[in-house]
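What follows is a set of notes on a single structure, which appears directly below.
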Amino acid sequence: FEEKYRSVLTFCGSTSGRDVDKAAATGLTPLEGQGGCVYFAEARLVMECKKIYFHDIDPEHFIDPKLHDRYPDREYHRLYVGEVMACLTTA
């Protein structure tokens, strides 16, 4: 994304899609890629990936105890590893 989308990306990165329709809230234009994945027309680069592995974060493995403060509701992230299936760029 270009720099002008910084605030939009900050919003998307700090707001759950379970709570808000991010496309409607930000004005981004959703498009459907291969296999039904969604990306945004405003992106300069899109990497379409197929999920091949996931791992749930285990708070027992936090090295820095301050990280516990980032999860006050104990809703830990899930990490994914993906195989890149396609790269799309804008002209």
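Considering only 36, 1, 61, and ranking their Cα positions along the charge dipole of the chain that arises from unit charges at the beta-carbon of Lys, Arg, Asp and Glu, the one farthest toward the positive end is 1.
Under a 10 Å cutoff between Cα atoms, tell me which one of 38, 46, 20 has the largest fluctuation in the Gaussian network model of the chain. Largest GNM mean-square fluctuation: 20.
Which residues among the range 53-71 fall inside the zone where the amide N is under 20 Å from a point 7 Å beyond the Cα of residue 18, along Cα→Cβ? Of the residues in the range 53-71, 54-60, 68-71 have backbone N under 20 Å from the label point off residue 18. Free of any chymotrypsin sites (Phe, Trp or Tyr not before Pro) that DSSP assigns to a loop and that have at most 16 other C-beta atoms within 10 Å, the longest stretch within the chain is 2-61.
Per Stokes-Einstein, at 10 °C and 1.306 mPa s, what whole-number D in µm² s⁻¹ belongs to the chain, with the Kirkwood radius over Cα pairs as the hydrodynamic radius? D = 101 µm²/s.
Using a Gaussian network model of the chain in which every pair of alpha carbons under 10 angstrom is joined by a spring, one finds that among 60, 32, 42 the greatest mean-square fluctuation is at 60. Can you give me the % of accessible surface on the chain that is carbon or sulfur? Probe 1.4 Å, all protein chains present, nothing else counted. That share works out to 53 percent. Phi angles across the range 80-90 convert, under the Karplus curve 6.51 cos²θ - 1.76 cosθ + 1.60 with θ = phi - 60°, into 3J(HN,Hα) values of 10, 10, x, 9, 6, 9, 7, 10, 10, 10, 8 Hz, Gly and Pro given as x.
Think of it as helices only: each DSSP H run of n ≥ 4 in the chain is worth -39500 (n - 2.57), and spread over all residues that comes to -4000 deg cm²/dmol at 222 nm.
Mind checking the range 10-91 for trypsin sites (Lys or Arg not before Pro) that DSSP puts in a loop (not H, G, I, E or B) and that have at most 11 other Cβ atoms within 10 Å?
Working: sites: 18, 22, 44, 50, 51, 66, 70, 74, 78; in loops: 18, 44, 74.
Those that pass, being in a loop and sparsely packed, are 18, 44, 74.
At a probe radius of 1.4 angstrom, the accessible area of the chain per residue rounds to 82 square angstrom.
The values are calculated or read from the model by the stated rules, or taken from the named source; none is laboratory data. Remember, it's a predicted structure, so these values are computed and weren't measured experimentally. Cβ coordinates were reconstructed from backbone atoms using ideal geometry, including for glycine residues, and neighbour counts include every protein chain displayed. These accessible areas exclude ligands, DNA and RNA; they are computed on the full protein's heavy atoms, side chains included. Shrake-Rupley method; radii C 1.70, N 1.55, O 1.52, S 1.80 Å.
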